[in-house]
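The values are calculated or read from the model by the stated rules, or taken from the named source; none is laboratory data. Every value quoted in this text rests on a predicted model; they were computed, and no experiment measured them. Cβ placement follows ideal geometry from the backbone for every residue including glycine, while neighbour counts extend to all protein chains displayed. Only protein heavy atoms, including side chains, enter the accessible area calculation; ligands, DNA and RNA are left aside. Shrake-Rupley method; radii C 1.70, N 1.55, O 1.52, S 1.80 Å.
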Amino acid sequence: MRRFSSYIAFLAAFLLPFSLFAQDVERAIPVSDSLSVRPVLDSTLTVSLLTCSPGQETYELYGHTALRVTSSKDPSGIVYNYGAFDFNAPHFIWRFVLGKCDYLLWAEPLELFAIQYYARGSWVREQVLNLTPEEAQRLSDSLRAESRPENRVYRYNIFRNNCTTRARDIIEECIRGRVIYPVRATRNTFRTMLDQYTEGHPWAREGNDLLLGVDVDTLITERDEMFAPLYLMNYVDSAFIDAGRQHYRNLVRESRILIEANATRQQAAAAAQPSFPVSPRLLGWLLLVVGLCVAFFEWKRRRICWPVDAVLMTLQGLAGILLCFMALFSVHPAVASNWQVWLLNPIPLFFVYSVVQADRRHEPCVYHAFAAVGIVVFLLLYFIIPQDFSELILPLALLLLSRAVVHLLLYRNK
């Protein structure tokens, strides 16, 4: 399968949540013209929900969902995949950043769909839906219609409109009756679910926590949880169809493993992934220790090291531009409710020059007093705001506060 190119590092660090369940459309093949012709009722039609386990690439961490239609005439069947996109579409990366990326429903043979999961050692589970012939025909026809070029495009949303939710929704639309899902005793948030999938991938998790705000820290419903492939798979296992007049049947007729997991291939895929040797948490506290050591030597020498201020304020401002841009212009969910903008914002960029000039003249600068007050207020709110912050935020706040304090102490009498 074609891999993401120049933007994968950026997405891995900052835009991971928005690359869930994506697959490149160039690896798929178009459906033949015969699929656009409505067939007569075929009593041998079966429709299955396919769930693919996560891989090691950043965009594979969450697994994938698709639908498979088979019949006696086509035992292998066609897989309908809502996770395709056209990387060559105009302004693709820019629209992706803005949350205005369009995805596609693509149809392809099972062999072509499954080959990537076999290669990386992931399992693929098939849940054959317990549909009447009429329901199976209706669902097959709907998938054919949606996969036509004029209908296949949809606006992607990580939590509300992705490859998994669209598969669930079209199944429900084509069933005569109502699908009843089990009720969970415990409740999740979107962030806790994302954390489950990024376990063992700390920098992927850090990208989530840096960009996603307080909206993903509220409790969600069982239906909300179905944005994730493995969760939908488990809900479907225990779901049943209420056809009215006290007629009930299980949603799943049978389950089977199409592709077995392969530990050797999984280990090879994991070993091939580049990894940063230091976790975000360790990096943050190491930077704080280094910063405190620098501040101590500055205090002893009675002289500020101005390049330290220049670098920290520039990085703080650039990170703030990213967060503010996402909050103001992106329609990605939950990026506009990010309290970390209090600490990471573009304001320091406007004061870098004046701070450096004051440092070189060994003079005080009013910026540090305002910065100290702002950071202290943020730290007081840190444990009150109902948002799970990035692991870099607390040590970074303390580091920036130490810079402001050492300036105020050295120049308090001037």
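Here are a few things to note about the model shown:
- Qualifying residue in region 93-115 (condition: part of a loop (DSSP other than H, G, I, E, B), touching a residue at least 24 places away in the same chain (Cβ under 8 Å) and more than 18 Å from the chain's Cα centre (by Cα)): no
- Filter pass, residue 383 being within 30 Å of residue 156 (Cα to Cα) and at pLDDT below 95: no
- Hits in region 116-126 - residues which are closer than 12 Å to residue 258 by Cβ and either more than 22 Å from the chain's Cα centre (by Cα) or part of a strand (DSSP E or B) (or both): 118, 124, 125, 126
- Note on region 58-107: residues that are charged (D, E, K, R) and within 28 Å of residue 236 (Cβ to Cβ) amount to 5.
- Condition met for residue 122 (touching a Gly at 6+ places or on another chain (Cβ under 7 Å) and in contact (Cβ under 8 Å) with a residue 60 or more places away in the chain): yes
- Scanning region 40-68 for residues that are of a type outside the set (S, T, N, Q), open to solvent by less than 10 Å² (accessible area, probe 1.4 Å) and assigned to a strand (DSSP E or B) turns up 47, 49, 50, 52, 64, 66, 67.
Quick grid of which residues meet (1) under 30 Å from residue 118 (Cβ atoms); (2) out of contact with any Gly (no Cβ under 8 Å at 6 or more places or on another chain); (3) at pLDDT below 95; (4) part of a helix (DSSP H, G or I):
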| residue | (1), (2), (3), (4) |
| --- | --- |
| 264 | yes, no, yes, yes |
| 268 | yes, no, yes, yes |
| 273 | yes, yes, yes, no |
| 276 | yes, yes, yes, no |
| 282 | no, yes, no, yes |
| 285 | no, yes, no, yes |
| 288 | no, yes, no, yes |
| 293 | no, yes, no, yes |
| 299 | no, yes, yes, yes |
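- Residue count for region 245-277 under the criterion of being in contact with a Pro (Cβ under 9 Å, 6 or more places away or on another chain) and among the aliphatic types (A, V, I, L, M): the result is 0.
- Residue check, residue 212 under 25 Å from residue 85 (Cβ atoms) and open to solvent by less than 10 Å² (accessible area, probe 1.4 Å): yes
- Only one of the numbered conditions (1) of a type in the set (A, V, I, L, M); (2) farther than 23 Å from residue 142 by Cα; (3) buried (at least 21 other Cβ atoms within 10 Å of the Cβ) is not met by residue 105, and that is (2).
A quick yes/no check of all residues on (1) in contact (Cβ under 8 Å) with a residue 12 or more places away in the chain; (2) assigned to a loop (DSSP other than H, G, I, E, B):
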| residue | (1), (2) |
| --- | --- |
| 315 | no, no |
| 320 | yes, no |
| 324 | yes, no |
| 332 | yes, yes |
| 356 | yes, no |
| 364 | yes, yes |
| 379 | yes, no |
| 391 | yes, yes |
| 401 | yes, no |
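- When we screen 275, 337, 330, 255 for residues that are of a type in the set (S, T, N, Q) and over 26 Å from the mean Cα position of the chain (by Cα), the only hit is 255.
- Test: residue in region 121-136 that is over 22 Å from residue 233 (Cα atoms) and open to solvent by 10 Å² or more (accessible area, probe 1.4 Å): yes
- Hits in region 299-318 (condition: open to solvent by less than 30 Å² (accessible area, probe 1.4 Å) and aliphatic (A, V, I, L, M)): 304, 310, 313
- If you go through region 215-259 and keep only what is over 20 Å from residue 127 (Cα atoms), β-branched (Val, Ile, Thr) and open to solvent by 70 Å² or more (accessible area, probe 1.4 Å), you end up with just 218.
- Residue selected from region 332-367 under the condition modelled with pLDDT under 95 and closer than 11 Å to residue 310 by Cβ, by the criterion surrounded by the fewest Cβ atoms within 10 Å (Cβ to Cβ): 360
- Checking residue 373 against (1) under 24 Å from residue 283 (Cβ atoms); (2) surrounded by fewer than 19 Cβ atoms within 10 Å (Cβ to Cβ), the condition it does not meet: (1)
- Hey, residue 209 under 29 Å from residue 277 (Cα atoms) and either touching a Cys at 6+ places or on another chain (Cβ under 7 Å) or not hydroxyl-bearing (Ser, Thr, Tyr) (or both) or not: yes
- Boolean, residue 397 is open to solvent by less than 30 Å² (accessible area, probe 1.4 Å), out of contact with any Gly (no Cβ under 7 Å at 6 or more places or on another chain) and of a type in the set (A, V, I, L, M, F, W, C): yes
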